[in-house]
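Each value in this text was obtained by applying a stated rule to the coordinates, not by laboratory testing. None of these values were measured; they are calculated from a predicted model. Reconstructed Cβ throughout: ideal geometry from the backbone, glycine too, with neighbour counts over all protein chains shown.
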Amino acid sequence: MIRAGVENREMVTALGIDVRKAFTLVFAIGGAAAALAGALGGVYFGTVSPGQGGSLLIFAFIVVVIGGMGSVVGSAYAAVAVGLLQQFVNYYGTSGVGDICVVALLAVVLLLRPQGIAGKVATA
């Protein structure tokens, strides 16, 4: 319903669905989930700061690129692969080398399959 409202608001409204209420509900649920994540993160880390998740953004980007743009299943597989690779290398090797291995994995995937592991080849 939300995706249909984004694509064609007039058609969804013509079907009798209040798109503004649906968008407001989705925004409220997203805000509540973010607030819960912040509260749980504060309990886990002991403090909360605005830049706390900045170091994770690069890994989120790497996961999406490896998985394939627009592919949720590919991103899920890539998240598991990146997480396992990073933790195994950091555990069995020197701390911090896991980050380098994740970037190396990104380079290998982009060289072998530029669209990602589950991405589709764009046709023009």
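The table that follows gives values for the structure above.
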| quantity | calculated |
| --- | --- |
| Pairs where the first residue, in the range 75-94, is among the small types (Gly, Ala, Ser) and the second is assigned to a helix (DSSP H, G or I), C-beta under 7 Å, 6+ apart | 75/63; 75/64; 75/67; 78/63; 78/66; 78/67; 79/63 |
| Residue that is surrounded by the fewest Cβ atoms within 10 Å (Cβ to Cβ) [pool: residues in the range 72-93 that are closer than 19 Å to residue 55 by Cα and not hydrophobic (A, V, I, L, M, F, W, C)] | 87 |
| Residue that is farthest from residue 108 (Cα to Cα), among those in the range 43-71 that are surrounded by 11 or more Cβ atoms within 10 Å (Cβ to Cβ) and not hydrophobic (A, V, I, L, M, F, W, C) | 52 |
| Residue list for the range 94-116, filter: surrounded by fewer than 18 Cβ atoms within 10 Å (Cβ to Cβ) and assigned to a loop (DSSP other than H, G, I, E, B) | 94, 95, 96, 113, 114, 115 |
